[in-house]
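Written below as structure tokens is the structure these notes are about.
The values are calculated or read from the model by the stated rules, or taken from the named source; none is laboratory data. Not measured: the values here are computed from a predicted model. Cβ placement follows ideal geometry from the backbone for every residue including glycine, while neighbour counts extend to all protein chains displayed. The protein model used for the area step is the full one, side chains on, heavy atoms only, and it has no ligands, DNA or RNA in it. Shrake-Rupley method; radii C 1.70, N 1.55, O 1.52, S 1.80 Å.
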Amino acid sequence: KKKWLPGCVTGDTITAIAMTEPGTGSDLAAIRTTAVKDRDDFVINGQKTFISNGMNCDLVIVAAKTDLNAASPYEGMSLIVVEDGTPGFEKGRKLDKIGLHSQDTTEMAFVDCRVPQTNLLGHEGHGFYALMDKLQQERLVCAMGSQVGAEEALRLTIEYTKTRTAFGKPISRMQYISFELAKLATEVEVGRAFLESLLIDHLEGRKDVKKASMAKYWICEMLNRVVSQCLQFHGGYGYMEEYPIARMFRDARVQTIYAGTSEIMLLIISRQLGL
Ligand SMILES: Cc1cc2nc3c(=O)[nH]c(=O)nc-3n(C[C@H](O)[C@H](O)[C@H](O)COP(=O)(O)OP(=O)(O)OC[C@H]3O[C@@H](n4cnc5c(N)ncnc54)[C@H](O)[C@@H]3O)c2cc1C
């Protein structure tokens, strides 16, 4: 904590978390990266992909199997911190994405990468459970990003439709457009009310896996409905990079994919419902 956390807090240390591999993403328990004990070290071997901050990171938390004979696939996984520059830790290609261009997303490889056993984060064999616990917060962060994205897209579009004219009047005065914007505004308002209730719960220490998954699912899907319709109401200008709605449309798409896809959120919600 003394060595790494101060830099993380000040922002001087850029971190990444490496769970996803070329062969598995949603099915986290199926990762194949291994960390084998050798004297005082772990020796890590494996490949990761789609890692946010992978290129710029100073520290990466790697999910790896430390017990290949564990009774269940959920056990035997641990989290190990690897510092940039450690021999055997190779940063690969910066991936070419359709959106989120201001953030790097990178492949990485670990080839006989040796780190001291003191780099273990949390308890050995509890990595899967630690991730499941903390990913609730990541889901709320995604829902927050999507919520404010939807609010901003709607604000820009209401402004635009008031100034753009067609057939002799602002397009906001066409009943179809005003009704559609009214529907989107209703969805955005519902999203904020739900999210704020979850943030109050979170700040007061109450966790709710089902509701956090519902927020990640519904608000990220809602963002995509909102930006798509908002781009439409910008007409051809919406397709031009000089209008912010174009970037918002591209950036929104990943929200239903990373930090647990919408389908995985539905899986968690249905399990929480006892289905
Ligand atoms: C920009 C970006 C940044 C990312 N950052 C990180 C990062 O920092 N760290 C990290 O570890 N990962 C990161 N990821 C990876 C991301 O979390 C995974 O892409 C995501 O979890 C899905 O895994 P996958 O791509 O392997 O898809 P798959 O798991 O192969 O899924 C393919 C499709 O099948 C569906 N599916 C899978 N299982 C089921 C099921 N049981 N029921 C129904 N449908 C199912 C999925 O929902 C999806 O639609 C990032 C991805 C992107 C695109």
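Of note:
- Sorting F194, F110, F167 on solvent-accessible area from highest to lowest, probe radius 1.4 Å, gives F167, F194, F110.
- The chain: angle of helix 175-203 to the longest principal axis, Cα-based, in degrees nearest 10: 30
- Nearest 10 degrees, 0 to 90: helix 262-272 Cα axis against the chain principal axis: 70
- Computed lengthening from Y129 to D201, 0.36 nm per intervening residue step minus Cα-Cα distance: 23.8 nm
- Calculated accessible area for the chain comes out at 56 Å² per residue, all protein chains present (probe 1.4 Å; ligands, DNA, RNA ignored).
- With the largest listed first and rounded to whole Å, the semi-axes of the equivalent ellipsoid of the chain from the Cα gyration tensor are 41, 21, 15.
- Taking amide H as placed 1.01 Å from N in the peptide plane, F42 has its amide H under 5 Å from the amide H of V115, Q117, each at least 5 places away in sequence or on another chain.
- Note, ³J(HN,Hα) from phi for the range 99-109, Karplus 6.51, -1.76, 1.60, rounded to Hz, x at Gly and Pro: x, 6, 6, 7, 10, 7, 9, 9, 8, 8, 10
- Considering only R253, R93, R173, the Gaussian network model of the chain with Cα springs below 10 Å gives its largest mean-square fluctuation to R173.
- Whole-percent carbon and sulfur share, accessible surface of the chain, 1.4 Å: 56
- Computed packing ranks the peptides 53-66, 19-32 as 53-66, 19-32, most packed first, by mean other Cβ atoms within 10 Å.
- Note that the range 33-43 has calculated 3J(HN,Hα) couplings of 5, 10, 10, 9, 6, 9, 6, 8, 10, 9, 10 Hz, one per residue in order, obtained from phi through the Karplus relation 6.51 cos²θ - 1.76 cosθ + 1.60 (θ = phi - 60°); glycine and proline are x.
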